[in-house]
Every structure is written in structure tokens, then in C-alpha cells.
Amino acid sequence: MEIQCGIGCRLICLRDYHQIRVRLDVSKRAYNFCAGPAALPEAVLQRAQGELLDWHGKGLSVMEMSHRSDEFVSIATKAEQDLRDLLDIPSNYKVLFLQGGASQQFAQIPLNLLPEQGTADYIDTGIWGQKAIEEASRYGHVNVAGTAKPYDYFAIPGQNEWKLSKNAAYVHYVANETIGGLEFDWVPEVGDVPLVCDMSSDILSRPIDVSKYGMIYAGAQKNIGPSGILVNIIREDLLGRARSVCPTMLNYKVAADNGSMYNTPPAFAWYLSGLVFEWLKEQGGVAAMGKLNEEKQRTLYDFIDASGLYSNPINLTDRSWMNVPFRLADDRLDKPFLAGADERGLLNLKGHRSVGGMRASIYNAVDINAIKALISYMAEFEKEHG
Ligand SMILES: *Cc1c(COP(=O)(O)O)cnc(C)c1O
């Protein structure tokens with residue numbers, strides 16, 4: 001039995017207490033536009049809540065299991081298989097679940113793939129591309145083969161402008177610059193040279209052809225799961241090339257040979273990522289997400305472009321589907337804009353401290369209703385202040 005009370009909460013008989021608690025908690029959830037750690041699907045959080053104390057009748061939480069137990073190995077294996085299904089990962093690729101985030105990959109990549117006397121080509125499209133370049137430069141020769149600098153980082157330089165090396169060990173680029181809001185909608189052609197891609201903020205947002213890459217990596221906390229875990233999809237022939245000084249824990253081959261369990265993995269983050277992969281499959285997979293994400297970004301950019309108060313400076317074909325930075329015509333309005341947004345439960349719209357302005361991150365778990373709520377607030381604010 002359910003009774004609606006005067007202030008909107010519902011009373012219910014004790015038997016259903018657990019369910020109503022769950023429902024009330026959901027009703028309190030805000031629209032979260034955080035760049036990362038970012039929104040997770042509600043269904044996933046509820047599932048994790050339901051399994052928290054007692055996973056599948058085993059009488060313990062995933063956090064309390066041995067990572068070597070049959071239970072956890074089944075969780076880990078299923079997560080990998082679901083990711084393989086979602087991205088159609090060919091069998092000659094390993095899927096690694098690693099720690100240290102994308103930032104650690106910036107060092108790990110040259111330690112594993114760049115011979116001491118070799119050269120690696122990097123493309124500079126923004127802050128993350130630059131961080132990768134800076135870190136790799138500590139380990140060997142880096143050639144910045146292409147840069148968005150001449151475009152003030154508002155456009156991605158076409159490949160005809162790149163100067164790739166003759167014998168690069170690999171070519172590195174960032175598929176989506178999470179802070180600047182630029183995204184490749186094409187895959188570089190680099191022949192036989194391994195293409196290495198930081199897909200931290202747009203993996204699983206639309207279909208990709210994994211076979212075009214030597215390695216794809218992505219920190220989980222944008223479009224996969226909670227922070228603390230990173231996915232690395234790496235072609236098998238790239239394993240076993242690490243320098244002798246490469247720490248054991250950073251050696252891709254060691255991770256691959258040990259099923260990403262050379263030491264204790266971030267088990268709970270792995271489990272939650274697995275729940276997100278299951279959820280994505282239920283939504284119709286990456287192709288379905290791609291359609292939804294196309295509509296979401298189009299709706300938001302169309303509104304911004306038509307407005308007199310808000311603007312986005314990025315070249316039309318290079319605009320990110322996942323991170324939409326925008327400015328108000330007068331930055332003295334930033335504060336009241338953010339305060340009003342907070343009041344309406346539209347959270348984390350403040351742009352990155354290095355660029356200012358606003359940014360709406362609209363990953364897979366942020367649905368079209370969040371976009372509509374945001375636009376409705378932006379229109380209302382513009383009426384008052386425009
Ligand atoms: C967030 C992000 C990073 C850094 O990730 P960490 O897990 O914090 O190290 C690197 N690259 C891109 C594209 C990102 O979005």
C-alpha cells in the first residue's frame with residue numbers, strides 16, 4: 001500500500017520499506033554534468049546497492065572477496081567479455097584493467113612502447129595531449145607531429161597538416177579533449193605504425209573500429225564507472241616490448257600474463273564497471289548510445305548557437321559530443337548562473353579552472369531529460385539577464 005503525503009514523500013507498509021527507500025533516494029538525485037568522476041546510471045547504482053551486503057547469496061560484499069575467488073574471477077571475466085561484445089574487440093587484442101589512471105599511462109606508454117633511441121609522434125589538441133607529450137618526453141624523443149595551437153585549440157589540425165616521422169614507434173592522440181571540448185570524428189591513417197589513443201572521455205559513446213588501433217586506453221571515471229580503474233585494449237604484438245627499467249607493475253605484458261591481477265586489482269571499481277557494461281548492453285549497445293548521444297549534443301549545441309547569451313567557440317566538425325564548454329556573453333553572470341543552476345539541481349556546470357566559463361559533460365549516463373532541464377534553465381536565465 002502506498003500513501004502520498006503532503007510534502008511529496010510516500011508512506012508505505014514496513015514490508016516494502018526497502019523499496020520505498022530506494023525510490024525516495026532516486027527522487028533526490030540531481031542532474032550531474034560533472035566531467036569526472038561523472039554520473040553513473042541510476043539502475044547500476046541501485047543494483048550495486050541491492051548487492052552491497054550480500055552478493056548473489058554468497059553472504060558477503062564484492063569489496064570483501066578475495067580477488068582470486070571463483071566469485072570475483074567470474075565478475076572480472078564477465079566484465080571483460082561484455083566490453084569485448086560492446087566494442088567488438090578482435091581476439092588478437094588483450095583487455096587489461098589497470099590502476100593509476102590515464103595520467104599514469106602517459107609514462108607507461110613510452111616505457112612499454114618507445115625504444116630508448118626511438119621516436120614517438122604525438123598530436124597536441126589540448127591539455128591532455130600536452131600532458132601526454134610532457135611525460136613521454138622524459139623517456140625519449142617526442143615529435144609533436146601536429147598541433148591545434150595555430151587554431152587557438154578551437155579546431156583539430158587535419159592530417160594533411162601533420163608531419164609524421166618516418167619510423168615512429170607509435171602515434172599518440174587524444175580522441176576527445178575533455179577540457180577544451182574538441183573531439184576527433186575521424187581516425188588518423190598511420191599505416192603500419194601503431195596508433196595509440198587516449199579515449200578516456202569518449203570510449204563507448206559511439207561505435208569505433210578497434211582494429212585500426214594498436215592500443216586504446218580510458219580511465220573509467222568519465223564514461224565507464226568509478227575512478228580507480230583504467231581499461232587498456234592492446235594488440236598482442238605490442239606486448240613484451242617494455243624497457244628493462246620498466247617497473248613490473250607498469251609492464252603491459254606482466255598485466256596481460258596475469259589477467260590484470262599481478263597484484264590486488266581495484267575489485268569494486270572493476271565490478272561496477274562491469275555493471276555499467278551490462279547496462280549498456282541492455283540499452284542496445286554502443287550503436288544505440290551513439291544515436292542518443294548524437295541527439296543530446298545536437299540539441300544542446302543548437303540551443304547555444306541560437307542564443308544571444310551563450311556561445312561555444314569550437315569548429316563545428318570538431319565539437320565534442322561528450323563535453324560541451326560554453327561561455328556567457330558577460331562573465332559577471334557566471335556566478336548567478338551557477339548559483340541558479342545549483343538551486344535547480346543542475347550540478348557541476350563550472351568550466352575547468354584552466355579555461356573558465358561553463359562546461360556540461362553529457363556522458364552516456366546523462367540522458368536527454370538532463371539536457372532538456374539544462375536548456376530550460378538556460379533559456380529562463382537568458383530571458384532574465386540577456
Ligand atoms: C580525465 C582525463 C585524463 C586523466 O585521467 P586520470 O584518470 O585522472 O589520470 C586523461 N585524458 C583524458 C582525455 C581525460 O579526460
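If we count every other residue with Cβ under 15 angstrom of Tyr151's Cβ, Lys/Arg +1 and Asp/Glu -1, where does the sum land? Its environment carries a net charge of -4. The residue list Ser311, His352, Phe277 was ranked by how far each Cα lies along the charge dipole of segment 271-381 toward its positive end, using unit charges on Cβ atoms, and His352 comes out on top. With a 10 Å cut-off between alpha carbons and a GNM built on the chain, which of Gly228, Gly284, Gly140 moves the most? Residue with maximal mean-square fluctuation among Gly228, Gly284, Gly140: Gly284.
Measuring r between the beta carbons of Asn143 and Glu236 and using R0 = 25 Å, the FRET efficiency lands at 0.45. Applying 0.36 nm per residue to the separation of Asp367 and Arg353 and subtracting their alpha-carbon distance, the gain on full extension is 2.5 nm.
Go ahead and set up a Gaussian network model of the chain, Cα springs under 10 Å, then flag whichever of Ala339, Ala39, Ala155 fluctuates most. Sorting by GNM fluctuation, first place goes to Ala339.
For segment 318-327, backbone phi angles converted through the Karplus equation (6.51, -1.76, 1.60; θ = phi - 60°) give residue-by-residue couplings of 10, 6, 6, 7, 9, 10, 10, x, 8, 10 Hz, Gly and Pro being listed as x. Modelled spin labels at Ala288 and Lys131, positioned 7 Å past Cα toward Cβ, are 3.3 nm from each other. Here the 3J(HN,Hα) profile of segment 61-70, calculated from phi with Karplus coefficients 6.51, -1.76 and 1.60 at θ = phi - 60°, is 7, 4, 5, 10, 8, 5, 6, 8, 6, 4 Hz, Gly and Pro shown as x. The stretch between Gln117 and Lys281, if pulled fully straight at 0.36 nm per residue, gains 54.6 nm over its current Cα-Cα span.
Modelled label positions at Arg298 and Arg344, each set 7 Å beyond Cα in the direction of Cβ, lie 2.4 nm from each other. Placing dummy labels 7 Å off each Cα toward the beta-carbon, the span from Asp209 to Asn160 is 2.1 nm. Measuring how big the chain is from its alpha-carbon positions, Rg and Dmax come out at 22.2, 73 Å. Taking the fewest neighbouring Cβ atoms within 10 Å as the starting point, the ordered list for Phe184, Phe326 is Phe184, Phe326. Taking trypsin sites (Lys or Arg not before Pro) across segment 119-204, the ones in a DSSP loop with at most 13 further Cβ atoms lying within 10 angstrom of their Cβ are Arg138, Lys163, Lys166. Ignoring the sites themselves, the chain has its longest run without GluC sites (Glu not before Pro) in a DSSP loop having at most 12 other Cβ atoms within 10 Å at 190-386.
Ordering Cys34, Cys197 by the number of other Cβ atoms within 10 Å of each residue's own Cβ, fewest first, gives Cys34, Cys197. In a reduced charge model with +1 at each Lys and Arg Cβ and -1 at each Asp and Glu Cβ, the chain shows a dipole moment near 540 debye about its Cα centre.
Counting only residues at least eight positions apart within a chain, or on another chain, the lysines with an alpha carbon under 26 Å from that of Lys335 are Lys28, Lys222, Lys296, Lys350, Lys372, Lys383. What the phi angles of segment 329-336 give under the Karplus curve with 6.51, -1.76 and 1.60, with θ = phi - 60°, is a coupling list of 4, 10, 6, 5, 8, 4, 4, x Hz, glycine and proline written as x. Local charge sum around Gly386 (other residues, Cβ-Cβ under 12 Å, Lys/Arg +1, Asp/Glu -1)? Counting the neighbours of Gly386, the net charge comes to -3.
Seen from Ala169, the other residues with C-beta closer than 10 Å to its C-beta sum to a net charge of 0, counting Lys and Arg as +1 and Asp and Glu as -1. Segment Thr77..Asn167, full-extension length gain: 28.7 nm, with 0.36 nm per residue of separation and the alpha-carbon distance subtracted.
Read the figures in this text as sums done on the coordinates, not as results from a lab. Keep in mind the model is a prediction, meaning the values are calculated, not measured. When we count neighbours, we look across all protein chains shown, and the Cβ atoms used for this are built from the backbone with ideal geometry, even at glycine.
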